[in-house]
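What follows draws every value from the coordinates through simple rules; no lab data is involved. Predicted, not measured: the structure shown is a model, and the values here were computed from it. Please note: Cβ atoms are built from the backbone with ideal geometry, for glycine as well, and neighbour counts cover all protein chains shown.
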Amino acid sequence: MNRAINFSAGPAVLPLEVLKKAQEEMIDYRGTGMSVMEMSHRSKEYEAIIGGAEQSLRKLMSIPANYKVLFVQGGASQQFAMVPLNLFSAAKKADYVLTGAWAKKAISEGKKFGTVKVVASSEDKNFSYIPKLTPEMFSADADYVHITTNNTIYGTLFYELPNTGKIPLVADMSSNILSQEYDISKFGLIYAGAQKNAGPAGVTIVIVREDLIGHALPITPTMMDYKVYADEGSMYNTPPCYSIYIAGLVFEWLLAKGGIAAMEKENKQKAALLYDFLDQSKMFKGTVEKISRSLMNIPFVTGNEELDNKFISEASKKGLKQLKGHRSVGGMRASIYNAMPREGVETLVAFMKEFEKANG
Ligand SMILES: *Cc1c(COP(=O)(O)O)cnc(C)c1O
């Protein structure tokens with residue numbers, strides 16, 4: 001077996017222990033004589049899988065009892081529409097913070113269903129920072145305020161959540177869910193596509209406060225109404241069974257690792273290894289303002305496209321894979337989610353040092 005050191009932004013690396021467990025259970029799941037892909041979602045066994053996944057997630061994130069956990073298909077991108085369809089219940093107005101390409105897509109989707117106001121933006125500096133937010137910036141009659149807690153492409157993180165008062169805070173947490181502790185009661189709704197830090201593509205986690213459910217716009221399709229998911233235990237129709245099963249294994253792995261607090265500590269140390277190196281390097285530079293640096297996605301450049309390409313290709317030969325940056329930032333990006341072991345980051349930094357010496 002030859003596992004790459006995989007820095008993909010998503011779909012991203014999964015814990016080896018999880019993959020091995022899935023491999024072991026693949027053909028005959030716990031004596032059922034079938035794989036999880038082949039069993040009815042209405043079976044006792046599958047009920048235990050989806051129920052267990054929810055329970056593990058609730059425990060990991062300390063999700064309060066008045067929040068529902070929903071498993072939805074369609075990716076985080078579908079939430080860009082489901083959030084306004086379900087939460088535009090009063091003024092049909094929402095405030096959005098524009099911190100990157102995903103926020104931009106969320107905004108354009110929101111505009112289809114109501115009035116969207118961009119209350120702050122970091123587009124002036126290619127989204128390299130998180131704008132400062134104060135309570136007066138928000139519209140008193142907004143149905144919700146939308147932020148992207150971690151900006152996967154640009155590598156920025158909200159270190160401080162905005163104080164939105166009584167207005168529900170909605171967060172796209174796709175690329176940093178489970179990476180650090182959050183007080184769930186500060187949010188009205190959190191959503192996250194699984195394929196960054198929680199599991200395989202195909203399932204999106206939605207955590208929503210109960211009072212926000214049941215007010216969908218009349219045009220809302222059945223499959224886009226949170227109430228349908230809440231009432232049916234996310235099984236109005238066939239859920240993405242296998243993705244939920246793997247996500248459940250990831251949750252169990254995280255619990256065994258000591259939970260989110262332990263992960264957060266580890267993630268800060270992992271990120272510091274790379275940022276500390278970038279801060280003293282004469283060749284490589286981080287692209288993000290220091291106080292907004294993501295713990296999950298770390299873009300960096302040499303300032304010379306040819307050199308960037310040489311770095312990416314030589315790194316790949318050493319087993320350091322998927323380091324090419326997003327086209328809107330250029331250069332490189334190292335995504336170092338929960339499942340990236342510290343040794344992976346150490347190997348990357350050692351290679352960067354070597355490369356700088358050879359090419360500086
Ligand atoms: C990847 C990503 C998305 C899009 O997710 P899909 O599941 O592909 O729709 C949205 N928001 C953020 C922050 C992301 O990282």
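With θ taken as phi - 60° and the coefficients 6.51, -1.76 and 1.60, list the Karplus ³J(HN,Hα) couplings across region 347-360 in order, rounded to whole Hz; mark glycine and proline as x.
5, 4, 5, 4, 5, 4, 4, 4, 5, 5, 5, 6, 10, x
May I ask you to sort ASP141, ASP172 by Cβ crowding, counting other Cβ atoms within 10 Å and putting the fewest first?
ASP141, ASP172
Using the beta-carbon distance between LYS166 and HIS215 and R0 = 22 Å, what value does 1/(1 + (r/R0)^6) give for FRET efficiency, to the nearest 0.05?
Using R0 = 22 Å, I get an efficiency of 0.90.
If we count every other residue with Cβ under 10 angstrom of GLY325's Cβ, Lys/Arg +1 and Asp/Glu -1, where does the sum land?
Value of the local net charge: +2.
Any of LYS104/LYS132; LYS125/LYS290; LYS59/LYS186; LYS68/LYS111 with alpha carbons more than 21 Å apart? Name them for me.
Distance filter (> 21 Å) returns LYS68/LYS111.
Apply the Karplus curve 6.51 cos²θ - 1.76 cosθ + 1.60, θ = phi - 60°, to the phi angles in region 55-70 and return the couplings in whole Hz, x for Gly and Pro.
Per-residue couplings from phi come out as 4, 4, 5, 4, 5, 4, 9, 6, 6, x, 5, 8, 10, 9, 10, 10 Hz.
Could you sort the peptides 51-60, 257-266, 94-103 by per-residue average Cβ neighbour count (10 Å cutoff), highest mean leading?
Values: 51-60: 18.0, 257-266: 15.3, 94-103: 23.7.
With the highest mean Cβ count within 10 Å placed first, the list reads 94-103, 51-60, 257-266.
With point charges of +1 on the Cβ of Lys and Arg and -1 on the Cβ of Asp and Glu, referenced to the Cα centre of the chain, which listed residue (PRO168, ALA358, PHE88) lies farthest in the positive direction of the dipole?
Value: ALA358.
Rounded to the nearest angstrom and ordered from largest down, what semi-axes does the equivalent ellipsoid of region 17-256 get from its C-alpha gyration tensor (root of 5λ)? Can you show the working numbers first?
Numbers: eigenvalues 208, 78, 44 Å².
Its equivalent ellipsoid spans semi-axes of 32, 20, 15 Å.
Report Rg/Rh for region 186-321, rounded to two decimals, where Rg is the Cα radius of gyration and Rh the Kirkwood radius.
1.09
Below 8 Å between Cα atoms, with a sequence gap of 6+, how large is the relative contact order for region 17-256 in percent?
The normalised contact order for region 17-256 reaches 27 percent.
Residues with amide H under 5 Å of TYR144's amide H, sequence separation 5 or more or different chain, H placed in the peptide plane at 1.01 Å from N; which?
Amide H to amide H, under 5 Å and 5 or more residues apart or across chains, TYR144 pairs with ASP95.
What spacing in nm lies between the two simple spin-label points modelled at GLU38 and GLU306, each 7 Å away from Cα in the Cβ direction?
Computed distance between label sites GLU38 and GLU306 equals 5.6 nm.
Grab the other residues whose beta carbon is less than 14 angstrom from that of PHE80, score K and R as +1, D and E as -1, and report the net.
Net of charged neighbours comes to +2.
Normalised by the number of residues in region 170-308, what is the relative contact order in percent for Cα pairs under 8 Å and 6+ residues apart?
After rounding, I find 19 percent.
Using θ = phi - 60° and the Karplus form 6.51 cos²θ - 1.76 cosθ + 1.60, what ³J(HN,Hα) does each residue of region 258-274 get, whole Hz, x for Gly and Pro?
After applying 6.51 cos²θ - 1.76 cosθ + 1.60, I find x, x, 5, 4, 5, 5, 4, 4, 4, 5, 5, 5, 4, 5, 4, 3, 6 Hz.
From Cα pairs below 8 angstrom and at least 6 apart in sequence, can you work out the relative contact order of region 260-359, rounded to a whole percent?
29
Report the net charge of residues surrounding ALA256, where surrounding means a beta-carbon distance below 14 angstrom and charges are Lys +1, Arg +1, Asp -1, Glu -1. Don't jump to the answer; show the numbers that get you there.
Details: positive: LYS20, LYS21, LYS59, LYS257; negative: GLU17, GLU252, GLU266.
Net charge around ALA256: +1.
When ranked by the protection proxy of mean other Cβ atoms within 10 Å per residue, highest first, what sequence do the peptides 151-160, 278-287 form?
151-160, 278-287
Given labels modelled 7 Å from the Cα in the Cβ direction, how far is it in nm from GLU356 to THR222?
Here the modelled spin labels are 5.9 nm apart.
Going toward the positive end of the dipole of the chain, with +1 on Lys and Arg Cβ and -1 on Asp and Glu Cβ, which of LEU189, LEU249, PHE127 do you reach last?
PHE127
Amide H of THR115 versus every other amide H placed in the peptide plane: which residues, excluding those fewer than 5 positions away on the same chain, fall under 5 Å?
Close amide H contacts, sequence-distant or interchain: LYS93, ALA94.
How far apart, in nm, are the 7 Å Cα→Cβ label points at LYS318 and ILE291?
Modelled inter-label distance: 3.4 nm.
Give me the dipole magnitude in Debye, nearest 20, for the chain about the Cα centre, with unit charges on the beta carbon: positive for Lys and Arg, negative for Asp and Glu.
600
Per residue of the chain, what 222 nm ellipticity follows from adding -39500 (n - 2.57) for every DSSP H run with n ≥ 4, rounded to the nearest 500? Please report the intermediate quantities before stating the final value.
Values: 9 runs with 126 residues, N = 360.
So the calculated ellipticity at 222 nm is -11500 deg cm²/dmol.
Just SER175, SER40, SER89 to compare: in a GNM of the chain, with alpha carbon springs under 10 Å, which one fluctuates most?
Ranking SER175, SER40, SER89 by mean-square fluctuation puts SER40 first.
Report, to two decimal places, the Cα Rg of region 245-360 normalised by 2.2 N^0.38 Å (N = number of residues).
Against the compact-globule rule of thumb, the ratio is 1.12.
Using alpha carbons only, how many angstrom separate the centre of region 138-202 from the centre of region 323-360?
26
Grab the beta carbon distance between ASN237 and GLU181, set R0 = 41 Å, and tell me the FRET efficiency rounded to 0.05. Kindly include the intermediate steps, with their values, before the conclusion.
Values: r = 34 Å, r/R0 = 0.82.
The calculated FRET efficiency here is 0.75.
First measure r as the distance between the Cβ atoms of ILE27 and ASN2, then evaluate 1/(1 + (r/R0)^6) with R0 = 22 Å and state the FRET efficiency to the nearest 0.05.
Result of the calculation: an efficiency of 0.40.
For a quick check: with amide H placed at 1.01 Å from N, whose amide H comes under 5 Å from THR156's, ignoring anything fewer than 5 positions away on the same chain?
Residues meeting the criterion, in which the H sits 1.01 Å from N, are ASN151, SER294.
Rounded to the nearest Å, what's the spacing between the alpha carbon centres of region 251-302 and region 1-76? Just the number, please.
About 26 Å separates the Cα centre of region 251-302 from the one of region 1-76.
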